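Before any comments, here is the structure.
The values are calculated or read from the model by the stated rules, or taken from the named source; none is laboratory data. No experiment lies behind these values; they were computed from the predicted model shown. Cβ placement follows ideal geometry from the backbone for every residue including glycine, while neighbour counts extend to all protein chains displayed.
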Amino acid sequence: MDSMKKFIAEFIGTFTLVLVGCGTAMLVGCDSVNGSGYILTAFAFGLVIVGMAYAVGNISGCHINPAVSLGVLITGGISVTDFIGYIISQCLGAVAGAGVLKLIWSLGGVTDQTGGLGSNGLAGVNGSAVAGLIVEAILTFIFVFVILGVTDSKFGHGSFGGVVIGFALVMVHILGIGLTGTSVNPARSIGPAIFAGAEALKVVWVFIVGPFVGSALAAFCYKFLASSKDA
């Protein structure tokens, strides 16, 4: 029962992330030249993390991101069984969030400024999958590295953790939106891609592989540095 509560919390958190983050991107666009939509989208994703950290963090840890769950798994924070349950719940939440956005936009006749339900793409790196992988791996490394440090019970930052993590997500979005749309979260990419069509699905693997690689590197690096501090 406790595991099921965690999975439900992860579903709700990821649903909210996609609904608010991608929904904001769809409304305001992500044009770095005009700027305002770019910044609003970055803050929408970050503020969801802040809110959900305090809403479900005490239940599931508020991963709401398979890459984060991988990092926590590698550092020993969750079991393999919970890891699998988390990923399934996160992906289902992302699909549900994207589905609700699709429904609202279709029924309301609202214009999607991104043209793809806020899905990720490679236009900002001229279609280069390699460049996209590098961007996503590095940004996810930074994001997960911050999370592991903030949530480490030996060296963490207590009640301020949710704010720090939320602003870390804003930070990586500010750089990454113009390059890949910023995923750093496979579930967040899978959900919108399912409804956005063939072009988004064709490149979604970049936003699965890149974040997982970046997260694994962050976890192993953090384990090494934290163990050195213990010594």
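Among the residues examined, Asn120 qualifies as more than 26 Å from Tyr222 (Cα to Cα), assigned to a loop (DSSP other than H, G, I, E, B) and modelled with pLDDT of 95 or more. Identify, please: which residue in the stretch 68-117 is charged (D, E, K, R) and under 19 Å from Ala198 (Cα atoms) and is, among those, modelled with the highest pLDDT? Per the criteria, the residue is Lys102. Considering the stretch 82-117 alone, what residues qualify as being part of a helix (DSSP H, G or I), farther than 19 Å from Ser60 by Cα and charged (D, E, K, R)? Hit for the stretch 82-117 is Lys102, nothing else. Of the residues that make up the stretch 188-203, is at least one crowded, with 24+ Cβ neighbours inside 10 Å, of a type in the set (Lys, Arg), touching a Ser or Thr at 6+ places or on another chain (Cβ under 9 Å) and assigned to a helix (DSSP H, G or I)? Yes, some residue in the stretch 188-203 is crowded, with 24+ Cβ neighbours inside 10 Å, of a type in the set (Lys, Arg), touching a Ser or Thr at 6+ places or on another chain (Cβ under 9 Å) and assigned to a helix (DSSP H, G or I). Note on the stretch 204-231: residues that are touching a Phe, Trp or Tyr at 6+ places or on another chain (Cβ under 8 Å) and buried (at least 24 other Cβ atoms within 10 Å of the Cβ) amount to 3. Going through the stretch 8-24 one residue at a time, which ones are surrounded by fewer than 24 Cβ atoms within 10 Å (Cβ to Cβ), of a type in the set (A, V, I, L, M) and within 18 Å of His173 (Cα to Cα)? Listed by number, the residues that qualify are Leu19, Val20.
Against the test of being surrounded by 14 or more Cβ atoms within 10 Å (Cβ to Cβ), under 22 Å from Cys221 (Cα atoms), touching a His at 6+ places or on another chain (Cβ under 9 Å) and not basic (Lys, Arg), the options Val135, Val150, Val144, Val172 yield a single qualifying residue, Val150. Each residue in the stretch 32-61 was checked for being part of a loop (DSSP other than H, G, I, E, B) and touching a Gly at 6+ places or on another chain (Cβ under 6 Å), and 1 of them qualify. Considering only residues in the stretch 48-83 that are of a type in the set (Ser, Thr, Tyr) and closer than 19 Å to Leu17 by Cα, the one that is surrounded by the fewest Cβ atoms within 10 Å (Cβ to Cβ) turns out to be Tyr54.
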